[in-house]
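Everything below concerns the one structure shown next.
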Amino acid sequence: MSKAVIIDKNGGPSEMKIVDVKVGEPGAGEIKIAHKAVGLNYIDVYQRAGLYQLPLPLSMGMEGSGIITAVGTGVTHLKVGDRAAYASNPPGSYCEERVMPAKCVVKLPDAISFETGAAMMLKGLTAEYLLKRTQPQGGLHKGDYVLFHAAAGGVGLIACQWARALGYQLIGTAGSDAKCELAKTNGAAFTINYSKEDFALRVKEITGGKGVKVVYDSVGKDTWEKSLECISPLGLFVSFGNASGPVPPIAPGILAAKGSLYMTRQTLFTHLSTRESTQEMADDLFDAVITGKVHIRIDQTYKLEDVQQAHIDLEARKTTGCTILTL
């Protein structure tokens, strides 16, 4: 048996409850993992609230780290006793032990702790596919300007550091001076407190009126429209989250009027669709962390039984960096 967090219906943090569940043994292509720590992410909020509709009852959580305790037939890249980490569908990481598909589970290098492994996978792999695999026409080059919203969040702080290592001039937005300073400390070339400044006007000032090649936006409803004003002609708007609510339907003519822009809505799990791509992205992330290009900040730690408070704090934007649940 394993303690696990589930919801029977969509709603607020109070809908989450801890129950005992039977774990069972892995089938073909599956592994069983005993968690040491699990990560908290905004996608968990979307699933809990029902913005992303999933069958109920729903086991919560998308990433974790721990020890492999059993391996099903056909799994060759993992064995019992391996340290491992993952960001993976289906949800269910908020638990002591689980059976899950092995495809997106990778060995965790000895140089990376379980806590860091649990904190970094979903956010770090997201930063990897954004900066490395979701680029404007002609790609990104050293010195190029990019705009990254929520730069003091878990994905944002990783992106700030990684962008600096790649030579990009990342302009980060955040909702307070303290969060702006945090983003700057972590590698943002410029920061904008969007609660005080018109970020579109400030971006034009920073770039000499040219705008940025790409905007990475996980905020959604509150930022998408002004974000289009920040992009240079033929540039790219990347939507990858909805922290303020979903982006409303957009008429294609808006993209024409703003400079023949491109727009895409990305999800991590499309990029993790194969065992090979998952390993390639994870290796890239592990290298960035082990070599010191990226430091994973764990600013909040909660016990599994305090998961409701963790969600309350996340939605209230009281968190910075990464948050984990410990078991």
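Summary of computed values
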{"quantity": "Selection from segment 168-188 of residues that are surrounded by 17 or more Cβ atoms within 10 Å (Cβ to Cβ) and not in a loop (DSSP other than H, G, I, E, B)", "calculated": "Q169, L170, I171, G172, T173, A174, K179, C180, L182, A183, K184"}
{"quantity": "Residue tally, condition more than 21 Å from R297 (Cα to Cα) and either assigned by TED's automatic domain parsing to the domain that holds Q279 or in a loop (DSSP other than H, G, I, E, B) (or both), over segment 134-159", "calculated": "11"}
{"quantity": "Of residues in segment 1-59 being of a type in the set (D, E, K, R) and part of a loop (DSSP other than H, G, I, E, B), the one surrounded by the fewest Cβ atoms within 10 Å (Cβ to Cβ)", "calculated": "K22"}
{"quantity": "Any hit, segment 152-170, residues being out of contact with any Leu (no Cβ under 6 Å at 6 or more places or on another chain) and at positive phi", "calculated": "yes"}
{"quantity": "Any hit, segment 60-68, residues being surrounded by fewer than 19 Cβ atoms within 10 Å (Cβ to Cβ), assigned to a strand (DSSP E or B), outside the structural domain of S218 (by TED's automatic domain parsing) and in contact (Cβ under 8 Å) with a residue 40 or more places away in the chain", "calculated": "no"}
{"quantity": "Single match in T191, T207 (criterion: surrounded by 17 or more Cβ atoms within 10 Å (Cβ to Cβ), in contact (Cβ under 8 Å) with a residue 24 or more places away in the chain, in contact with a Lys or Arg (Cβ under 6 Å, 6 or more places away or on another chain) and on the phi < 0 side of the Ramachandran plot)", "calculated": "T191"}
{"quantity": "Selection within segment 280-327 - over 25 Å from T270 (Cβ atoms), within 16 Å of the chain's Cα centre (by Cα) and of a type in the set (D, E)", "calculated": "D299, E315"}
{"quantity": "Test result for I250, over 18 Å from T126 (Cβ atoms), surrounded by fewer than 16 Cβ atoms within 10 Å (Cβ to Cβ), in the same structural domain as V212 (by TED's automatic domain parsing) and modelled with pLDDT under 95", "calculated": "yes"}
{"quantity": "Test: residue in segment 309-319 that is touching a Gly at 6+ places or on another chain (Cβ under 7 Å), at pLDDT below 95 and among the polar types (S, T, N, Q)", "calculated": "no"}
{"quantity": "Only listed residue being under 17 Å from A288 (Cβ atoms) and over 18 Å from the mean Cα position of the chain (by Cα), chosen from G167, G211", "calculated": "G167"}
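The values are calculated or read from the model by the stated rules, or taken from the named source; none is laboratory data. What you see is a predicted model, and the numbers here were worked out from it, not measured in a lab. Here Cβ is always computed from backbone atoms with ideal geometry, including for glycine, and neighbour counts include all displayed protein chains.
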